[in-house]
Amino acid sequence: MNELIQMKEVAVLAAKKAGKYAFERIDAIIEVNYKSGANNLVTDVDRKCEQMILNVIKSEFPSHSILAEETGEHSPGGEVTWVVDPLDGTTNYAHGFPVFCVSIGIMVGDVVKIGVVYDASRNELFTAIKGQGAFLNDQTIRVSNTELVKNALLATGFPYDQEGKILNIDYFKIVLNQAQAVRRAGSAAIDLCYVACGRFDGFWEFGLSPWDTAAGHLIVGEAGGKVSAVGQGEYDIFKKEITATNGRIHDELLSYFRDFNKSKKWSN
Ligand code: IPD
Ligand code: CA
Ligand code: CA
């Protein structure tokens, strides 16, 4: 079997195992702790899910590197790196709000080649292998055809840090005045997958980590969408910010951010 397909299958196995476990435990969380501040939570279920995923990866691919949200780097520096968010949407999860998922991206060198996101609440599995399209439960998915922001349903998220939060409140206000509506569901990986399958027309966010976007940005690209930074630049998973759209509204959306930044310079 082709090695990428084999890795994707292991990622799916790990994501489903952890996702189903999290789903079963949603009303039985034992511990909620704070990481960098009062908004950044971690539960015993996040940790358990990460352990389950790491065990699967290590038993199938013992030489691969792993970058995982809760335990950091394992055997760094290898050619293949698994980028793992064991539970994306922890704040939702801690409140029993069923928008959370497992997200696993696999990099070969610097390039994410595989993306797997599993939403156990809806039993939705999003997958992509670079160059081979994107899928939701084995059906091909495509981004929406929406041409204009005024007809678009968009999504964003607010980072945990105060500075990032305030910046995005400004962006949120601007876009809210232009778009049909803007949602904030609380799982960046699900937001990206919803752009990929056309439920959202676009998404932007600041203050993200590689495990939030590694899988989802590939899935958007493979579904025909466009991904960049929020500013002008290219996106990469270590950049912390992302704009992902159906491609058609991308430039228009970025132009609102640009205009806002220009007007801010004038008023300073
Ligand atoms: C968070 C979610 C949320 C986003 C935060 C992320 P976590 O991940 O993706 O939507 O707004 O920036 O950190 O902490 O639940 O894994
Ligand atoms: Ca996350
Ligand atoms: Ca997480």
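Read-outs: derived from the displayed coordinates by stated rules, not from any lab. Bear in mind that the values here come from a model prediction, so they are computed numbers and not experimental data. Cβ placement follows ideal geometry from the backbone for every residue including glycine, while neighbour counts extend to all protein chains displayed.
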* Could you work out how far apart the two model spin labels at Gln51 and Asp110 are, taking each label as a point 7 Å from the Cα in the direction of the beta carbon, and quote it in nm? => 3.7
* Structure fact -> Treating every alpha carbon of segment 149-267 as one equal point scatterer without solvent, the Debye formula yields log10 I(q)/I(0) values at q = 0.17, 0.18, 0.23, 0.24 Å⁻¹ of -0.75, -0.85, -1.46, -1.59
* Asked: Against the longest alpha carbon principal axis of the chain, how many degrees, from 0 to 90 and to the nearest 10, is the axis of helix 3-25 turned?
  -> 90
* Value of relative contact order over segment 149-267, rounded to a whole percent, pairs C-alpha under 8 Å and six or more apart -> 26
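Would you calculate, for the chain, the mean residue ellipticity at 222 nm contributed by helices, counting each DSSP H stretch of 4 or more residues as -39,500 (n - 2.57) and dividing by all residues, to the nearest 500? Before the final figure, lay out the partial values.
Values: 7 runs with 102 residues, N = 268.
Result for the chain, helices only: -12500 deg cm²/dmol.
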* Asked: Under a point spin-label approximation (7 Å from Cα along Cα-to-Cβ), what is the Asn123-Ile166 distance to one decimal in nm?
  -> 4.8
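Mind sorting Asp85, Asp119 by how few other Cβ atoms lie within 10 Å of their own Cβ, fewest first? List each step's numbers first, then the result.
Numbers: Asp85 32, Asp119 26.
Fewest to most other Cβ atoms nearby, the residues stand as Asp119, Asp85.
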* Hey, in the GNM for the chain with a 10 angstrom Cα cutoff, which one of Asp191, Asp161, Asp88 fluctuates hardest? -> Asp161
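If we count other beta carbons within 10 Å of each Cβ, what is the order of Phe158, Phe238, Phe260, Phe126, fewest first? Mind showing how you got there, number by number?
Working: Phe158 18, Phe238 11, Phe260 14, Phe126 30.
Listed from fewest to most nearby Cβ atoms, that is Phe238, Phe260, Phe158, Phe126.
Rounded, prolate or oblate, given the Cα gyration tensor of segment 2-140, with a/c below 1.5 counting as rounded? All intermediate terms of the calculation are to be shown ahead of the outcome.
On the way: a/c = 2.03, a/b = 1.37, b/c = 1.48.
Oblate, since a/c reaches 1.5 and b/c is not below a/b.
Pulled fully out, how much extra length does the chain show between Lys173 and Glu252, if you take 0.36 nm times their separation in residues and subtract their Cα-Cα distance? Mind dumping the intermediate values first?
Values: separation 79, 0.36 × 79 = 28.44 nm, distance 1.57 nm.
So the extension gain works out to 26.9 nm.
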* Asked: Taking only pairs that are 8 or more places apart or on different chains, how many Lys pairs in segment 149-267 have Cα atoms under 19 angstrom apart?
  -> 11
* Exposure proxy ranking, count of Cβ atoms within 10 Å, fewest first, for Met7, Met107 -> Met107, Met7
* Within segment 101-203, report the GluC sites (Glu not before Pro) that DSSP leaves as loop and that have at most 15 other Cβ atoms within 10 Å. => Glu147
* Would you mind checking the tilt of helix 210-222 against the longest principal axis of the Cα atoms of the chain, expressed as 0 to 90 degrees and rounded to 10? => 70
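Can you give the Rg/Rh ratio of the chain, where Rg is from the C-alpha atoms and Rh is the Kirkwood radius? Intermediate values should be presented prior to the final figure.
Numbers: Rg = 17.8 Å, Rh = 18.5 Å.
Using Cα coordinates only, the ratio equals 0.96.
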* Förster-model FRET efficiency, 30 Å R0, Asn151 and Phe97, C-beta, rounded to 0.05 -> 0.60
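FRET efficiency for Asp259 and Asn39, Cβ-Cβ distance as r, R0 = 25 Å, nearest 0.05? Please report the intermediate quantities before stating the final value.
Numbers: r = 30 Å, r/R0 = 1.19.
The value I calculate is 0.25.
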* In the neighborhood of Asn2, defined by Cβ-to-Cβ distances under 11 Å, what is the net charge if each Lys or Arg adds +1 and each Asp or Glu adds -1? -> -1
